[in-house]
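Readers should treat all values here as calculations from the given coordinates under stated rules, not as data from a laboratory. No experiment lies behind these values; they were computed from the predicted model shown. When we count neighbours, we look across all protein chains shown, and the Cβ atoms used for this are built from the backbone with ideal geometry, even at glycine.
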Amino acid sequence: MKKLTYLALTFFSACTFAQEVSKERVTTILATLASDEMKGREIGTPENDKAAEYIAQLFKENDLEYCTGNSYLIPFDYEGKKAYNVCGIKKGKTDKYLGFSGHFDHIGTSEKTGDNIYNGADDDASGITTLAGIADYFKNKKPEFSMVFMAFNGEEKGMLGSRAISTDTGLDKVYNNMTALFNFEMVATESQFGKNALFMTGDEFSDFDELFNKYAANGLKINSDPYAAQKLFYRSDNVSFVKKKIIAHSFSTVDMTKASHYHNESDDVNVVDFDNLTTIINNVGKTLEKLTPKNFAPKYNDKVKF
């Protein structure tokens, strides 16, 4: 009997462990996107297209449905040629959606000798790794919310990709039923609030953070934006959805007082705290499992400017 009990507990523990996203998986995704071979993923380059194709493969591995048409790749025009956003859907128990996004483009290379690649490990391979990790977490689950995963292109050129996909009429059904959007922007480092902690841009504009924190798992916390004077809420891809009056905030860990790697060649895998990032991904997943359309319906207040 003891042996059977032990086996049952071992099986249960293995299943529990299997639900989590591994540090190795997180490292592989981020390191691939931030590799020298990607040459900084600047929009309009073959390497940018390669990054889009890699993200599409990640979506395929998680059995996500196409958002529109017959591909995860959604084209838009960039200087007379095609660039791509990447989009996939996970159907939940309801038709209410949560969105998860980040941008995969960065600023390419410089003319300097030596290390001239802007790898963009934090900005924003870390954000793409986070949304891909959340898709991994829910691969074999059916959450209450349906989920849409969007990897934006062209953020560094003026949020071109998020502007394009936010006006795609093929996604109107999703947008009309979207409760909120989590946009992950630079989450590779430990925040000034410590480990297992994020901050939310524009926290004064909605009750998103209060509602999320009510159900946050294992000490995870979304903090107020300590850099409010920099108006980050209006400087990332979430703003494309704010304009549609969808609840949309960016979530970050970057300490803006210490981020010497920002738009620098030093933004490579050496800046990444993979343990912390893995913890955040799994704790976001565990929190999302608790959220339903009944207990999570954030609202804007009258301070926000659409």
If we keep only residues of region 87-143 that are touching a Leu at 6+ places or on another chain (Cβ under 7 Å) and over 24 Å from PHE208 (Cα atoms), then the residue surrounded by the most Cβ atoms within 10 Å (Cβ to Cβ) is ALA125
Test: residue in region 292-305 that is touching a residue at least 12 places away in the same chain (Cβ under 8 Å), touching a helix residue (DSSP H, G or I) at 6+ places or on another chain (Cβ under 9 Å), crowded, with 22+ Cβ neighbours inside 10 Å and not in a loop (DSSP other than H, G, I, E, B)
no
Item to complete: Could you please let me know if PHE199 is assigned to a strand (DSSP E or B), among the hydrophobic types (A, V, I, L, M, F, W, C), in contact with a Lys or Arg (Cβ under 8 Å, 6 or more places away or on another chain) and under 29 Å from ALA34 (Cα atoms)?
Response: no
